[in-house]
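The values are calculated or read from the model by the stated rules, or taken from the named source; none is laboratory data. As the structure is a computational prediction, the values presented were derived from the model and not from experiment. Here the Cβ is made from the backbone with ideal geometry for all residues, glycine too, and neighbour counts use every protein chain on show.
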Amino acid sequence: MSELEDGINRIKGIVQAYAITGSDGKATRGNLSKEEERKFTPYVNELVDKARNVVRDVDPANDMSFLRFTMKNHEILVAPGDNFRIIALQELNKDREEARS
C-alpha cells in the first residue's frame with residue numbers, strides 16, 4: 001500500500017473531513033465540502049510552507065513531519081508529504097473545549 005493510501009485509511013474513521021492536495025496546493029481527493037475546501041486549503045497550504053521554512057531555517061538537516069493547530073471550533077491536522085499533503089479537519093466537541101478553558 002502506498003504512503004498516501006495508508007495515511008488516508010488511518011484518518012478516515014477519526015476525522016470529520018479530509019483533503020489531499022497535490023504539490024500545486026489544489027485538492028485532488030477528499031470529502032471536504034466545496035466551501036470548506038475553499039475556506040481552508042489555500043491558507044493551510046501557505047501556513048505549512050511557512051512552518052516548513054522555519055523548521056529548515058532553525059535546523060537545515062530537519063524537516064517538518066506534522067502540523068496541528070486548533071481554532072475556536074475546529075482542529076486542523078496536516079501531514080505534508082513530498083508530493084502531497086493530507087489535511088484533516090475535526091470539529092472540537094464541547095468537552096474538549098471546556099477542558100482547554
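Among the candidates K50, K26, K72, which residue alone is at pLDDT below 85 and either among the aromatic types (F, W, Y) or farther than 19 Å from S2 by Cβ (or both)? Write out each step before concluding.
Numbers: K50 fails: at pLDDT below 85; K72 fails: at pLDDT below 85.
It is K26.
Among the residues of segment 1-15, which ones are part of a loop (DSSP other than H, G, I, E, B), modelled with pLDDT under 85 and under 14 Å from A88 (Cβ atoms)? Walk me through how you get there before you give the answer.
Residues of segment 1-15 that are part of a loop (DSSP other than H, G, I, E, B), as a first pass: 1-2, 12-15.
Narrowing the set further to residues that are modelled with pLDDT under 85 leaves 1-2, 12-14.
Once the filter is applied, which keeps residues that are part of a loop (DSSP other than H, G, I, E, B), modelled with pLDDT under 85 and under 14 Å from A88 (Cβ atoms), segment 1-15 yields K12, G13, I14.
The conditions are (1) at pLDDT below 85; (2) not in a loop (DSSP other than H, G, I, E, B), and D82 fails exactly one of them. Which is it?
(2)
Condition (residue is in a strand (DSSP E or B) and touching a strand residue (DSSP E or B) at 6+ places or on another chain (Cβ under 8 Å)) applied to segment 46-65: is it met by at least one residue? Spell out the reasoning first.
Our first condition is that a residue be in a strand (DSSP E or B); within segment 46-65, this holds for none.
The answer is no; no qualifying residue exists.
Is it the case that S33 is exposed (fewer than 14 other Cβ atoms within 10 Å of the Cβ) and either touching a residue at least 40 places away in the same chain (Cβ under 8 Å) or of a type in the set (A, V, I, L, M) (or both)?
Numbers: exposed (fewer than 14 other Cβ atoms within 10 Å of the Cβ): yes; either touching a residue at least 40 places away in the same chain (Cβ under 8 Å) or of a type in the set (A, V, I, L, M) (or both): no.
Criteria not met by S33.
Within segment 26-41, identify whether any single residue is touching a Phe, Trp or Tyr at 6+ places or on another chain (Cβ under 7 Å) and of a type outside the set (A, V, I, L, M, F, W, C), and answer yes or no.
Among the residues of segment 26-41, at least one is touching a Phe, Trp or Tyr at 6+ places or on another chain (Cβ under 7 Å) and of a type outside the set (A, V, I, L, M, F, W, C), which makes the answer yes.
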